[in-house]
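J.: Take a look at the following structure, please.
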Amino acid sequence: LMWIVAKINKNQQNFFIEEVLKKKKDIEIYQPKYKLEDLNNRKKIKIIKKPLFNDYLFLNLKNFNNETIYQLNFCKGLKYFLKGFESSQLNIKKFIDYCKSFEDGNNFIKSSFFKNLVTNKGKFIAGPFKGIIFDIIKKNKNYLDIRIGNFKTSLNERKILYDTVN
């Protein structure tokens, strides 16, 4: 088994996947996805499904050889394969397993995946403070100590919806 990472043209993703599957039947394609729930102006919940990495896919080749890579290089929608994948197999596999460990029953990455990332800023994605960015001062087991301007408070992480901001 050999994992390779493909950078694709986002608007040609379906063409790429279709061509890859035509050329190689014994291939697994993995693209971690997550979903967001957003309230629109009429207070209806809209579900948005997004890939975790906009224009990257992981391909698991069961029978890997250089000829296979050569054939796949000409698939419509492929920009390139990331170099160094041969020597990074352990790291790629660990990362994919890590992503899969955060998937729900429908193969979407759960929000807890994002909360485990090290960050120092967050943005409310629902409620009266939707869109407001805050500084994360300290992260405890279930609480966040945050600052918005000069105002400091603690929030129960289970009761707020926020996304991390870089």
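The values are calculated or read from the model by the stated rules, or taken from the named source; none is laboratory data. Predicted, not measured: the structure shown is a model, and the values here were computed from it. All Cβ positions, glycine included, derive from the backbone under ideal geometry; neighbour counts span all protein chains shown. Calculation scope for accessible area: heavy atoms of the full protein, side chains included, ligands and nucleic acids excluded. Shrake-Rupley method; radii C 1.70, N 1.55, O 1.52, S 1.80 Å.
J.: Could you work out the local net charge near ASN40, counting Lys and Arg as +1, Asp and Glu as -1, over the other residues with Cβ closer than 12 Å to its Cβ?
T.: Overall, the nearby charge balance is +3.
J.: Can you tell me the orientation of helix 89-101 relative to the chain, as the angle in degrees between its alpha-carbon axis and the longest Cα principal axis, to the nearest 10?
T.: Helix 89-101 and the main axis of the chain meet at about 50 degrees.
J.: Sum up the charges of everything whose Cβ sits under 13 Å from the Cβ of ASN63, counting Lys and Arg as +1 and Asp and Glu as -1, but leave ASN63 out.
T.: Overall, the nearby charge balance is +1.
J.: Evaluate the distance, in nm, between pseudo-label points positioned 7 Å from the Cα of ASP97 and of LEU161 along their respective Cα→Cβ axes.
T.: My value for the distance between the label points is 3.4 nm.
J.: So, in Å, what gap is there between the alpha-carbon centers of the range 4-45 and the range 135-166?
T.: Cα centroid to Cα centroid, the span is 31 Å.
J.: Another question, if that's okay. Tell me, what is the per residue accessible area of the range 1-100 in Å², probe radius 1.4 Å?
T.: Averaged over the residues of the range 1-100, the accessible area is 66 Å².
J.: Considering Cα pairs under 8 angstrom that are at least six residues apart, work out the relative contact order of the chain and quote it in whole percent.
T.: For the chain, the relative contact order is 22 percent.
J.: Now, a different point. Of the heavy-atom accessible surface of the chain (probe 1.4 angstrom), what whole percent is carbon and sulfur?
T.: Accessible surface attributable to carbon and sulfur in the chain totals 51 percent.
J.: Considering only Cα-Cα distances, which of the following residue pairs are longer than 27 Å: LYS49/LYS83; LYS49/LYS94; LYS10/LYS94; LYS10/LYS35; LYS50/LYS121?
T.: Correct reply: LYS49/LYS83.
J.: Then there is this: Which part of the range 36-64 falls in the paramagnetic zone of TYR30, meaning amide N under 20 Å from the point 7 Å along Cα-to-beta-carbon?
T.: 50-64
J.: Between SER154 and ILE137, what is the label-point separation in nm under the 7 Å Cα-to-beta-carbon projection?
T.: 1.1
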